[in-house]
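Inspection log for the structure reproduced underneath, given as structure tokens.
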Amino acid sequence: WVYRKYQAGQRDPMQVWMGPVYDLLRDKYRIDEIYQALFMRPSAWVATTFVSNWVDRKFLDGILFGISQSGLIFGKFLRQIIDLPIFNRGLETVFGQSPLMFGDGLRRIQTGRIQQYVLFSLMVVLIVTLVVVGISFPVPGR
């Protein structure tokens, strides 16, 4: 009944009749604006200012920077106190010459002759068999 003479582009007849109550109902009691002001803006401020700037950039990054610096200090300690004097200067003949001696021994074994490789393989199988049989059937009286 109210809209029977209403034409497009005219002012809404309910707005004329209800006045400011119409605006309040149209804006849903301004709940969205109140919610935005009470919760959303303070939450965004806390997230950007407090959490991002203080907690993340200053507190957590400070802890991680401290851990990384302590790792560097510990690494320098290991290098200066343990690695250089003990391993590089003290035990270099043991750790440096052992691979060379081991390589020399392997070079003598590796001749490229298949017959020799087959003989070594049979010897290994025989030794393993003797060990397994000796474990499986212990000598009585021991």
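The values are calculated or read from the model by the stated rules, or taken from the named source; none is laboratory data. Quick caveat, the model's predicted, so the values are computed rather than measured. All Cβ positions, glycine included, derive from the backbone under ideal geometry; neighbour counts span all protein chains shown. Note: accessible area is taken over every heavy atom of the protein model, side chains too, but ligands, DNA and RNA are not part of it. Shrake-Rupley method; radii C 1.70, N 1.55, O 1.52, S 1.80 Å.
Evaluating 6.51 cos²θ - 1.76 cosθ + 1.60 at θ = phi - 60° for every residue in the range 120-131, the Karplus couplings come out as 4, 5, 5, 5, 5, 4, 5, 5, 5, 5, 4, 5 Hz, glycine and proline recorded as x. Legend: residues 38, 91, sorted from most to least accessible area (1.4 Å probe; ligands, DNA and RNA excluded), read 38, 91. Principal-axis analysis of the Cα atoms of the chain puts helix 92-109 at an angle of about 60° to the longest axis. Restriction of the trypsin sites (Lys or Arg not before Pro) in the range 9-62 to DSSP coil positions whose beta-carbon has at most 15 other beta-carbons within 10 angstrom yields 11. If you average the alpha carbon positions of the range 1-65 and of the range 70-142, how far apart do those two centres end up, in angstrom? Result: 75 Å between the Cα centres. Dividing the convex hull volume of the alpha-carbon atoms in the chain by its residue count gives 597 Å³ per residue. Based on the convex hull around the alpha carbon atoms, the range 74-122 presents an average projected area of 5.2 nm².
Rounded to the nearest 500, the 222 nm mean residue ellipticity of the chain from helices alone is -17500 deg cm²/dmol, with -39,500 (n - 2.57) taken per DSSP H run of at least 4 residues.
Ligands, DNA and RNA left out, the 1.4 Å accessible surface of the range 74-142 is 71% carbon and sulfur atoms. The Kirkwood radius of the range 1-68, taken over pairs of alpha-carbon atoms, gives through the Stokes-Einstein law at 4 °C and 1.567 mPa s a diffusion coefficient of 79 µm² s⁻¹. If the segment from residue 125 to residue 73 were pulled out straight at 0.36 nm per residue, it would be longer than the present Cα-Cα gap by 13.5 nm.
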